[in-house]
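Since the structure comes first, as structure tokens, the remarks are kept for the end.
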Amino acid sequence: MSKRRAEITGWGKYVPERVLTNAELAQMVDTNDEWIVSRTGIKERRVRSESDNTTSMACAAATEALAVADLKATEIDLIVVANSSPDYLLPAPANFVQHALGATCPAFTIAAGCSGWVYALVTANQFIETGAYNNVLVIGVELISYALDYTDRSTCILFGDAAAAVVLQPTTNGAGVISFELGSDGGQAHHLWVPGGGTVKPVSQDVVDNREHYIRMNGQEVFKFAVRKLSACLSNITQAAGTTVGDLDVIIPHQANLRIIETAARTLDVPMDHFFVNLHKYGNTSAASIPLALVEAIQEGRLKSGDMTGMVAFGSGLSWAGAVVKMGEAISNPKGTPANAAMPVVN
Ligand code: COA
């Protein structure tokens, strides 16, 4: 019998209906489809419709994940939401999500930018390993379009809105989170941040006039950091798991930029077909990026029971987070089906 670990037993996703294409962005800022595709690999992204908010998107993904795991909301022991684009500054999204789902458990939010969901996965895994909780819902949701300056061509082309969720349950059959690495380099915080609207520069007419309530980014510095961390973190977590990057069945990198993934693949000498990529459809969905890719990899049959995957995220902080996760029996034989998902009424 192996150590008690967290197995993925349910999964779900939600993306807004509204597609924002590169051609549409070219009508808003001085850019074009060819530039965006060649520099990032992104062809389109989703942005919120009027009926979408952070809570509703999180609940849609969570409801599907619960249906796949065949769990009722009242059976959840803990909800962890990774998010940096909350509906309200206070309280954080997890409490709204808990109420809207009809769950009665504790809930908290992790704000670690694009690394948030892997931080949340690793945190949730600790509660399961210790035996404190059995059924944990881990959601990544981002309505990041609200923080984008659609006059800044260096940022608005990159990001999109989405949500994805998994259910974690204990197993002793060898599956689960095998190794992880979490990291922070706050000395580089100003390379990707929202300078206004917090306590240092509270919302004011000046902040709004200077557009400081939107994301600001030093793209080249973030690019260098991302390439370094994606390669180094994948090497570290696979070594800790007693395997190699080349032996992973599927690598799920943060979906920020195809060139970042290609550069890391070359550095690691691992073929690109080991990497799951869906950023051409969604852009960078921040904390939803890794779980959205994970859910699509499962739904497309790229992952099956027994497979080892390495997930690595990087982003605002600057931060990074990676985990090697072994897929359990539920990946090929889930207890339930997404068709049974019953959406709660969000109010
Ligand atoms: N369309 C057309 N031109 C653009 C553009 C756009 N959307 N955005 C920037 N440019 C221009 C720049 O103004 C610059 O013009 P100049 O040479 O006349 O000054 C030129 O393209 C090159 O800019 P540069 O910043 O060197 O481009 P790049 O190859 O580094 O690509 C990013 C820019 C943003 C795509 C790239 O740096 C990147 O992806 N960085 C990482 C960002 C990221 O992943 N952030 C999230 C992490 S979680």
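Looking only at residues of region 296-312 that are of a type in the set (S, T, N, Q) and within 18 Å of the chain's Cα centre (by Cα), we find that the one that is nearest to the ligand (Cβ to nearest atom) is Thr309.
Taking each residue of region 213-229 that is near the ligand (Cβ under 10 Å from one of its atoms) and looking for partners that are among the basic types (Lys, Arg) and part of a helix (DSSP H, G or I) with beta-carbon atoms closer than 8 Å, six or more apart or interchain, yields Phe223/Arg259. Scanning region 155-190 for residues that are more than 30 Å from Asp33 (Cβ to Cβ), open to solvent by 20 Å² or more (accessible area, probe 1.4 Å) and either assigned to a strand (DSSP E or B) or at pLDDT 95 or above (or both) yields a count of 14.
Does Tyr146 qualify as being outside any helix (DSSP H, G or I) and among the hydroxyl-bearing types (Ser, Thr, Tyr)?
Against the criterion (outside any helix (DSSP H, G or I) and among the hydroxyl-bearing types (Ser, Thr, Tyr)), Tyr146 does not qualify.
Residue check: Gly116 meets all listed conditions (1) farther than 24 Å from Glu34 by Cβ; (2) open to solvent by 10 Å² or more (accessible area, probe 1.4 Å) but one, namely (2).
Which one is least open to solvent (accessible area, probe 1.4 Å), of the residues in region 7-36 that are among the aromatic types (Phe, Trp, Tyr) and away from the ligand (no atom under 16 Å from the Cβ)? Talk me through it step by step, then tell me what you get.
First, pick out the residues of region 7-36 that are among the aromatic types (Phe, Trp, Tyr): 11, 14, 35.
Restricting the remaining residues to those that are away from the ligand (no atom under 16 Å from the Cβ) gives 11, 14.
On the way: Trp11: 19, Tyr14: 61 Å².
This residue is Trp11.
Checking the structure you have, find out if any residue of region 262-272 is in contact (Cβ under 8 Å) with a residue 60 or more places away in the chain and either out of contact with any His (no Cβ under 7 Å at 6 or more places or on another chain) or not in a helix (DSSP H, G or I) (or both). No; the residues of region 262-272 include none that is in contact (Cβ under 8 Å) with a residue 60 or more places away in the chain and either out of contact with any His (no Cβ under 7 Å at 6 or more places or on another chain) or not in a helix (DSSP H, G or I) (or both).
Note on region 37-78: residues that are out of contact with any Lys or Arg (no Cβ under 8 Å at 6 or more places or on another chain), in a helix (DSSP H, G or I) and surrounded by fewer than 20 Cβ atoms within 10 Å (Cβ to Cβ) amount to 3.
Of all residues assigned to region 244-258, at least one qualifies as being open to solvent by 10 Å² or more (accessible area, probe 1.4 Å) and in contact with a Phe, Trp or Tyr (Cβ under 8 Å, 6 or more places away or on another chain).
Have a look at Gly283, Gly315, Gly322 and point out the one that is within 16 Å of the ligand (Cβ to nearest atom), over 25 Å from Ile157 (Cα atoms), under 14 Å from the mean Cα position of the chain (by Cα) and outside the structural domain of Pro86 (by TED's automatic domain parsing).
Details: Gly283 fails: over 25 Å from Ile157 (Cα atoms); Gly315 fails: over 25 Å from Ile157 (Cα atoms).
Of Gly283, Gly315, Gly322, the one residue that is within 16 Å of the ligand (Cβ to nearest atom), over 25 Å from Ile157 (Cα atoms), under 14 Å from the mean Cα position of the chain (by Cα) and outside the structural domain of Pro86 (by TED's automatic domain parsing) is Gly322.
Look through region 123-148, keep the residues that are over 24 Å from Thr55 (Cβ atoms) and in contact (Cβ under 8 Å) with a residue 60 or more places away in the chain, and return whichever of them is nearest to the ligand (Cβ to nearest atom). Once the filter is applied, the top-ranked residue is Asn125.
Could you check, for region 99-114, whether at least one of its residues is within 16 Å of the ligand (Cβ to nearest atom) and part of a helix (DSSP H, G or I)? I'd like the intermediate steps shown before the answer.
Quick first cut of region 99-114, residues within 16 Å of the ligand (Cβ to nearest atom) only: 110-114.
Next, from what is left, pick out any that are part of a helix (DSSP H, G or I): 113-114.
Yes, because at least one residue in region 99-114 is within 16 Å of the ligand (Cβ to nearest atom) and part of a helix (DSSP H, G or I).
The values are calculated or read from the model by the stated rules, or taken from the named source; none is laboratory data. What you see is a predicted model, and the numbers here were worked out from it, not measured in a lab. With ideal geometry, Cβ positions are generated from the backbone for all residues, glycine too; neighbour counts draw on all protein chains shown. To get the accessible areas, we keep the full protein, side chains included, count just its heavy atoms, and leave off ligands, DNA and RNA. Shrake-Rupley method; radii C 1.70, N 1.55, O 1.52, S 1.80 Å.
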